[in-house]
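**Student:** Got a structure for you, written out below as structure tokens; questions coming shortly.
The values are calculated or read from the model by the stated rules, or taken from the named source; none is laboratory data. What you are looking at is a predicted structure, and each value in this text was computed from that prediction instead of being measured. As a convention, Cβ positions derive from the backbone with ideal geometry for all residues, glycine included, and neighbour counts pool all protein chains shown. Calculation scope for accessible area: heavy atoms of the full protein, side chains included, ligands and nucleic acids excluded. Shrake-Rupley method; radii C 1.70, N 1.55, O 1.52, S 1.80 Å.
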Amino acid sequence: MSAETSAPRRRVPKRWLIGLGVLAAVAIPFLTPSSYIHNVLILTFLLGVLGSGWNVMSGLTGYVSLGHSAFIGVGAYTAGILASQWAVSPFLVAPLGGIAAALVALALSWVTRRTRGVAFVIVSYAMLELLGLIVRNWSSLTGGSQGLLMPLPDWDVRFHNWPFYYALLALLLLSVAMTSAIRRSKFGLGLVAIRDDEDKAAGIGVPAPIYKSLAFMASAVLVGVAGAIYGYYVSFLTVSTMFDIVLSLQVVLAVLLGGRATVWGPVLGAFIIVPLAEVTNTSIGGVDAGAFRLIMFGGLLLLVTLALPRGIIASVARLLDRRTAQAGARLASTALPVAPMSSRTLAPGTDLLRVDGVTVQFGGVKALDNASIVVPAGSITALIGPNGSGKTTLFNVIDGTYEPAAGDVVLNGKSLAKLDRTGRAFAGIGRTYQLPRLFDSLTVLENVAAVNDRFEPRRLVHSAVSGAEAARATGLLEFVGLGEYVDAAATDLSYGQRKLVELAQLLMLDPAVILLDEPAAGINPTLLQRLAELIRSLNATGRTFVIVEHDMQFVLALADQTTVLAHGKVIASGDPATVSTDPAVLEAYLGDDFVLEPTTGPRP
Amino acid sequence: MIEFENVRAGYGGGDVLQGVTLTVERAAITCVVGPNGAGKSTLLRVLSGLLRPSAGTILLDGKPVHALSPAEVLAAGVAQVPQQGGLFGNLTVRDNMLLGGYLIRSERGRLKKRLDELAEAFPVITTRAHDKAADLSGGQRRIVEFARALVTNPSVVLLDEPTLGLDPKTCEVVFESTQTMNELGVTVLMVEQNVRFGLKLAHHGVVMERGQVLFAAPADELLARPDMAALFFGAAPETSHPEGGL
Amino acid sequence: MTLLVQTVILGLLVGGVYALMSSGFSLVFGVMRIINLAHGAMIVLAAFLSWWVWDRTGIDPLLVGVIITPVMYVVGRVLYRLVIARVHRIDHELAMVASFGVAIAAGGVMALIWGTEVRSATPSYFNTSFQLGSVVIPQAQLYAFAGALAILGALYGLLRGTFLGRAIRACSENRDSAALVGIEVERTMAQMFAIGAATTGFGGAALSVIYQFVPDSHYVWIGRILCVVILGGLGSLLGAALGAAILGLGEALTSSYVDTRWATAVPYILIIVILLVRPQGLLGGKLRADGARA
């Protein structure tokens, strides 16, 4: 789902609005003794906490959960069981409910670590149903279908439900603060990058498995605590109320309605959904009440997806803040700025990257057959060959997308075999793609700022785009000629400009070797010249390039050495002039071994 | 004859085509060139019905075709070979060819006869009939794409960047297949990033920039114009792909 | 030993029915990449319709299943037109969420019409079986299995051997190319979705004879279907058949040798196990997006 990530602009009135709202929420128990209103607000806070949690996992990270209410059940039952075993107040053990929920989330991220989108939805649903079944069947511990009775509140009746009320209100504010902090952090930028394109994110130093596990745990922990308090509040735990699929639906509904991937959307949604539910509950009674409830919520969810898929906040923000699309402005033909220095420069001439006897098999076809290349530090290596000769496959082996059946990739004397894509990005491998891949819900600057050249837990909490890193990212964008576009949405760029942003991302990563996959394909001659100049000036600072390209004039003019692949084998390598006159190359690449169908040849 | 008259079209973020007026001759090869984002592919999309123009008219032999669906445009005799990857890779070559005749699927006899004719001109569709299209080589895939576009006997074939991502040798195959098609009497309107390749192959050249036609002229004339070379070709040496020079 | 043979036979018979129920879901996912969570609700709706007609008229419920197949086709057509066609262009996940809304609302509607009592159709052969040595083959399961196989065969033939089938598969690969050979993509999608819905006609009838059900049963059934398609590999019809056989066997073995209370958990456990061991499913291509873009 696409979601708005640009923060609403009008900060001052918003701050006042929030302050007033919090004040009102704090004051209400003193203003009205109505336990009905207290109850509605308690349920609203609960749904708000649940929604904020769901939003971190499903809004920011893009992994839709249909079983999020399971974390309420986990929190409630953990606290309930521990409270009765240890004979303490459920309030005391509520944090343990949160920890239990976070552990379940960790297990969930482990189960789904090798899968994407769709499978996650299914597992989240399976988790809800399975946990419900376990609680129901493990009756010796949980009371099974009999339910689990919670202790009575031990405070003075004069305080009514206030402890529940304020505890859940505090949790709600904490949830909002947490979402807001994540949104503004480098961690949050990484989560959005994962949502937009997880493989690409891995290649620019966003360690997706760690980020996802952290995001899932963050999305569960406060929900677990809230579940523990809610369980105490309703005083009697049953599977059908604690592992309630309808609650899972309500949370999806509330967040979509309020605004997915926004900080306040879940809260807004909760304040609409819960009162609505309570009003209809009291006005519809009888045996059919449950059925009407289902029809109403199901119908509402349907309505929101059809009529308001972006949610209230994003839709309003769009009305207030119409971004005018930049129509394909021409690249300024200014003089090239000075190339930024690299921190990885090696003595030129040493073997930087070695691919040793790599073989890759797809079905019966050998895409690479014992292919070896050596890339000296500071060189530009052209990798050419007919279509399907294995050039891109070789890139995919170098960056860890494919695991070769045989052979090894060695960078700076160290084998990369054991490293995943992110590990290789950190080790010094950076690549672009034939069709440029950017994070489309981020701005151009954020696209570059999302890059990490190493993993440090401390950096997760860094502010997303400010300070030295933002300055560096801006500088790199200026260098590639996109200085005027830093705040543009990635989707507003032309194809050629997107390629330049990918290059800037690589410079941010500052890898030891830069792999360019058909940089010249589909871009106009002016930009092509600019690109050649950029590559030359970067090379002059000591950077090493490997370039796959079909445009011979472009690439052979740049390259120091050329490697030719055909049918997965290296058939020649050496300096461009020699290679381009090598009879074997002419034979394989340009000559006549490709069997033309006789009748498609030129007619006499 | 195809006549574009002041055609405007876009994808929501402003018009990509900003009033295109252009006449495409019958039975010739016409190649549209121009920088990236000039609107070349969009021009083909509005003609084939994938994109509806927001203003202007397109006439095919005097009849308006700009408000038709892709199926209706195809029925009117205009077939498009899509950009790279247009074959249905999981279907066999034969199924791909049969789908080329989707519009005439109820006329079994005619479809079968047409497939036999094409099999003669492009043998690969018989020799690899039962292989998945994804298993063919790049050149063979292009041939099948061309043949598939010809099943309904179109009078006009549109080629969208036929050499994109192809190596020089496969480009030759495209070059020859396009000529074969044209010799069968088909009008070819193609869009090409590789200017030299396109203009060598075409009779007429059209230069587009920023959603408009800059000028149209015989292709060899365009190739020879020095200002064109400066604007679009860069200061490249006088070699090019189809001849196989490096 | 007899118990084992008996259990395996029962598991496989039920697996055939699961395969039919999952086939429509798998078809829709394969072509449109949409997880249609309303599929379970359509099955339960078909089950209610079969039971209701049988209850009123006494017509054999499995036969009713054949008759309501066109009804479910129309239901699918309407659902596509009103909901799926509007949201799937924005986003696949949004379409899934919308179908989740449809499923839950449909549960409410069925509860209003037919109440929440436990139902099941009990025709004359409902409790009779064929005796094969010491092994018992219940007639209801056998007929349901045979019907499911016949419909699956017809579906396979439709996809492989007809122009509609080729058009559906073409749309699943490349919409623009499909449009360019003259396929009306939207109409083909609608037909495909409706065919997927039509398969729930007999599936629901089989459910009404061999299981008890309530409106809320659709949660259980969508769970089973998700399990079947994840096991087999998303979008693979053959995989769905294999996954269905495994789930049927798993449930039967759990009921016989562990505890019927845990049989309900089998689909969910299988989902988690397969994702840990072989995330792309037994016969599926990779779920990863790698390479697909290059």
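**Student:** Work out the P(r) tail for the stretch C:1-90: percent of alpha carbon pairs separated by more than 19 Å, whole number.
**Tutor:** Counting pairs separated by more than 19 Å, the tail of P(r) holds 53 percent.
**Student:** Follow-up question, since we're still on this one. Taking +1 at the Cβ of each Lys and Arg and -1 at the Cβ of each Asp and Glu, which of A:SER248, A:ILE571, A:LEU82 sits farthest along the dipole of the protein assembly as shown towards its positive end, judged by Cα position relative to the Cα centre?
**Tutor:** Sorting the options by dipole projection puts first A:LEU82.
**Student:** Can you give the average number of partner chain beta-carbon atoms within 10 Å of each beta-carbon in peptide C:216-226, as a whole number?
**Tutor:** 2
**Student:** Now for a separate question. Using a 1.4 Å probe on the protein heavy atoms, what percent of the accessible area of the protein assembly as shown belongs to carbon and sulfur?
**Tutor:** 60
**Student:** Set the Förster radius R0 to 45 Å, insert the Cβ-Cβ distance between B:GLN212 and A:SER415 as r into 1/(1 + (r/R0)^6), and round the FRET efficiency to 0.05.
**Tutor:** Computed FRET efficiency for B:GLN212 and A:SER415: 0.25.
**Student:** Let me ask another. In the stretch C:1-23, which residues have a backbone nitrogen under 15 Å from the label point lying 7 Å from C:ILE137's Cα in the Cα-to-Cβ direction?
**Tutor:** Backbone N within reach: C:5-17.
**Student:** Also, I was wondering about something else. How big is the antiparallel share of DSSP beta bridges in chain A, given as a percent to the nearest 5?
**Tutor:** Rounded to the nearest five, the antiparallel share is 60 percent.
**Student:** What quantity of accessible surface, computed with a 1.4 Å probe and excluding non-protein components, is buried in total between chains B and A, in Å² to the nearest 100?
**Tutor:** 2800
**Student:** Would you kindly compute the Cα radius of gyration of the protein assembly as shown and its largest Cα-Cα separation (Dmax), both in Å?
**Tutor:** Cα-based Rg and Dmax for the protein assembly as shown come out at 31.8, 105 Å.
**Student:** A follow-up question, please. Hey, what's chain C come to in accessible area per residue, 1.4 Å probe, Å²?
**Tutor:** 37
**Student:** While we're looking at this one, here's another question. Taking amide hydrogens as modeled 1.01 Å from N in the peptide plane, which residues meet the under 5 Å criterion relative to A:ARG431, leaving out close sequence neighbours?
**Tutor:** A:LEU515
**Student:** Expressed as an acute angle from 0 to 90° and rounded to the nearest 10, what is the orientation of the C-alpha long axis of helix A:289-307 relative to the principal long axis of chain A?
**Tutor:** Once rounded, the angle reads 30 degrees.
**Student:** Okay, moving on. Take every DSSP beta bridge whose two residues both sit in the protein assembly as shown, then give the antiparallel share in percent to the nearest 5.
**Tutor:** The antiparallel proportion sits near 60 percent.
**Student:** Moving on. Under a straight-distance cross-link criterion of Cα-Cα below 16 Å, which lysines are reachable from A:LYS186, leaving out those fewer than 8 residues away in the same chain?
**Tutor:** Candidates past the 8-residue exclusion: A:LYS212.
**Student:** Pairing the Cα long axis of helix C:61-79 with the longest principal axis of chain C, what angle in degrees results, from 0 to 90 and rounded to the nearest 10?
**Tutor:** Once rounded, one gets 30 degrees.
**Student:** With the other protein chains left in place, how much accessible area per residue, in square angstrom, belongs to chain A at a 1.4 angstrom probe?
**Tutor:** On a per-residue basis, chain A sits at 39 Å².
**Student:** Quick check: Cα centre of the stretch C:84-133 to Cα centre of the stretch C:205-261, how many Å?
**Tutor:** Rounded to whole Å, the Cα centres lie 14 Å apart.
**Student:** Roughly how tilted is helix A:70-86, in degrees to the nearest 10 and between 0 and 90, from the longest Cα axis of chain A?
**Tutor:** Computed tilt is about 50 degrees.
**Student:** Additional query: Would you mind working out the accessible area per residue for chain B, using a 1.4 Å probe, and quoting it in Å²?
**Tutor:** On a per-residue basis, chain B sits at 38 Å².
**Student:** Next up: Just the number, please: buried accessible area between C and A, total of both chains, 1.4 angstrom probe, nearest 100 square angstrom.
**Tutor:** 4400
**Student:** Here are some pairs, A:LYS569/B:LYS113; A:LYS366/B:LYS40; A:LYS391/B:LYS200; A:LYS366/B:LYS169; A:LYS366/B:LYS112; which of them have Cα atoms lying more than 32 Å apart in this structure?
**Tutor:** Result: A:LYS569/B:LYS113; A:LYS366/B:LYS40; A:LYS366/B:LYS112 exceed 32 Å.
**Student:** Straight-line reach from A:LYS499: which lysines have Cα under 17 Å away, leaving out those fewer than 8 places along the same chain?
**Tutor:** Correct list for A:LYS499: A:LYS200.
**Student:** Next question. Would you mind telling me the antiparallel percentage of the DSSP bridges in the stretch A:351-600, rounded to 5?
**Tutor:** Restricted to the stretch A:351-600, the bridges split so that about 55 percent are antiparallel.
**Student:** Would you mind classifying the stretch B:22-86 by shape? Square roots of the alpha carbon gyration tensor eigenvalues, ordered a ≥ b ≥ c; an a/c under 1.5 is rounded, otherwise it is prolate if a/b is larger than b/c and oblate if not.
**Tutor:** rounded
**Student:** Next question, about the same structure. Using alpha carbons only, what's the Rg to Rh ratio of the stretch C:91-242 with Rh from Kirkwood?
**Tutor:** So for the stretch C:91-242, dividing Rg by the Kirkwood Rh gives 1.03.
**Student:** Pick from C:PHE213, C:PHE48, C:PHE163 the residue whose mean-square fluctuation is largest in a GNM of chain C, springs joining Cα atoms under 10 Å.
**Tutor:** Maximum fluctuation in the GNM of chain C, among the listed residues, is at C:PHE163.
**Student:** Rg and Dmax of chain A, Cα atoms, in Å?
**Tutor:** Gyration radius and largest Cα-Cα distance of chain A: 29.0, 105 Å.
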